[in-house]
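Just so you know, all these numbers are worked out from the coordinates, no wet-lab data involved. Computed from a predicted model, the values in this text were never measured in an experiment. Don't worry about glycine lacking a Cβ; one is built from the backbone with ideal geometry, like all the others, and counts go over all protein chains shown.
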Amino acid sequence: MRFFEYESRQIVAKAGIPVSRHGFATTPEEARRIAEEIAGPVVIKSQVLTGGRMKAGGVKFADTPDEAAEHAAFVLQLEINGHMPRGVLVDSRVSVKQEYYAGVVWDGIRKQPVMLFSDMGGIDIEEVAETHPDHVGRGWFSNLTDVSDYQAKQVIASIGVTGAALTRATPILTRLAQLFVERDMTLAEINPLAQLEDGSFVAVDAHMDMENEARPRQKQLLKELGVGDEETRQAREATPFELAGEAVDAASHRGVAGNVTEFDGNLGLVIGAGGGSLTLFDAVRAHGGKPANYCEIGGNPSVEKACGLAKLVLQKPGVDKIAVMMSIVSNTRVDIVARGVIKACVELGYDPGEKIAIFRIPGAWEDEGFKILERYGVEYCDRSVSMHEAARRAVEKIGVAA
């Protein structure tokens with residue numbers, strides 16, 4: 001889940017990292033009051049869970065409280081990439097000597113978090129890494145042991161930062177890494193981390209993403225930030241189709257039918273097995289197919305859950321056929337999934353043999369499952385057929401050339 005900038009600032013401050021003076025406002029009058037308290041030039045920033053605020057006009061500069069209120073009134077009504085702002089951040093304008101970048105992300109290849117630091121702050125770290133790789137310091141660390149100042153100092157010093165700047169930036173990166181682990185983050189970034197004319201450092205922007213599964217563990221933090229249990233906090237609001245997918249999963253405690261994401265293709269997907277679902281989704285696209293959705297089904301779901309997910313996908317406008325595919329999952333009964341998807345077809349008035357492009361689920365009770373599929377004329381394959389080949393056959397069935 002993503003946090004708004006004003007919430008990320010609070011998280012950073014709670015970790016002991018200095019931040020510039022700021023306040024959150026939902027009305028022009030609140031913005032004026034905060035600007036009066038800051039008593040100096042301010043920046044008005046739209047609070048949306050999307051990028052491109054500056055280009056869209058969602059960042060304004062004000063020299064007086066009245067100007068701050070005027071800009072806030074405009075920004076509060078400004079839609080950015082389909083998002084209306086939660087409010088505005090009224091931030092003090094600081095005298096910056098040097099902009100740095102400090103961040104921590106999860107490295108999926110090494111299965112470890114990595115600290116990042118750059119002396120080219122204020123722009124996307126991806127762009128810096130591509131065009132000036134020597135300006136990005138990296139350091140992997142264990143999320144099972146305490147992060148030390150020594151580790152953070154090594155990362156910062158690797159790009160040539162020395163002296164007082166190195167001394168003052170080190171505890172900030174250390175605390176950011178500790179925050180990343182303690183708060184179950186997938187991204188913790190300060191960009192820019194500003195060095196002021198007096199040599200001190202403050203965070204003038206922050207971005208935080210947290211594992212969705214960590215919400216129960218971080219309940220107190222979310223309560224302090226005022227984040228409601230019903231808020232999904234993704235990059236965009238969930239569609240009715242995606243909300244219906246959550247309802248299908250919640251209707252039964254058995255198994256999982258989650259991460260339902262809507263796309264605009266014509267091949268519906270009922271796929272699963274952890275990383276297998278990602279592999280299958282990519283395989284469909286690699287063969288020229290257009291997925292209508294992404295999802296993950298597994299963990300030995302009930303017939304009702306498999307049926308509910310298949311019905312949801314089959315009823316999505318534009319869907320011609322569905323492909324039911326998994327990797328090898330020993331605890332998912334093939335016969336149950338087969339009963340569920342066939343039940344969905346029959347109850348919606350479809351011929352399962354025509355509507356199900358391919359069925360590839362190796363696993364428990366597969367012989368019984370294959371007998372059910374044979375009875376309804378559904379094409380199926382066992383584990384001797386690769387996931388990529390199964391995806392190719394599904395794409396071919398809806399008339400898309402490989």
Check: Does anyone have the angle between helix 303-314 and the longest principal axis of the chain? Alpha-carbon axes, 0 to 90°, nearest 10?
Finding: 80 degrees
Check: Which angle from 0 to 90°, rounded to the nearest 10, does the C-alpha axis of helix 28-38 make with the longest principal axis of the chain?
Finding: 40 degrees
Check: Counting alpha carbon pairs within less than 8 Å and at least 6 residues apart, what relative contact order, in whole percent, applies to the chain?
Finding: 12 percent
Notebook entry, point to check: Net charge near Phe4, counting Lys/Arg +1 and Asp/Glu -1 over other residues with Cβ under 11 Å of its Cβ?
Noted result: +2
Margin query: Please report the antiparallel percentage of the DSSP beta bridges confined to region 256-369, to the nearest 5.
Written below: 25 percent
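How big is the antiparallel share of DSSP beta bridges in the chain, given as a percent to the nearest 5?
Roughly 75 percent of the DSSP beta bridges within the chain come out antiparallel.
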Margin query: Cross-link candidates for Lys290: which aspartates and glutamates have Cα within less than 19 Å, leaving aside residues fewer than 8 places away along the same chain?
Written below: Glu242, Glu262, Asp264, Asp282, Asp320, Glu354, Glu389, Glu396
Item checked: Of Lys316/Lys397; Lys111/Lys153; Lys60/Lys153; Lys343/Lys371, those spanning more than 25 Å from alpha-carbon to alpha-carbon -> Lys60/Lys153
Check: Against the longest principal axis of the chain, how steep is helix 5-14, in degrees 0 to 90 to the nearest 10, with axes from Cα atoms?
Finding: 70 degrees
Item checked: Mean ellipticity per residue at 222 nm, deg cm²/dmol - from DSSP H runs of n ≥ 4 across the chain, formula -39500 (n - 2.57) -> -11000 deg cm²/dmol
Notebook entry, point to check: Using the eigenvalues of the Cα gyration tensor, what equivalent ellipsoid semi-axes result for region 96-225 when each is taken as the square root of five times the eigenvalue, whole Å, largest first?
Noted result: 24, 16, 14
Note to self: Which lysines, if any, have their Cα less than 27 Å from the Cα of Lys55, not counting same-chain residues under 8 positions apart?
What the structure shows: Lys45, Lys97
Note to self: Using DSSP to call loops (not H, G, I, E or B), can you name the GluC sites (Glu not before Pro) in region 229-336 whose Cβ has at most 15 other Cβ atoms within 10 angstrom?
What the structure shows: Glu230, Glu231, Glu237
Notebook entry, point to check: Rounded if a/c is under 1.5, else prolate if a/b is larger than b/c, else oblate: which is region 176-239, with a ≥ b ≥ c the root eigenvalues of its Cα gyration tensor?
Noted result: prolate
Check: To the nearest Å, what is the center-to-center distance of region 131-203 and region 272-312, using C-alpha atoms only?
Finding: 39 Å
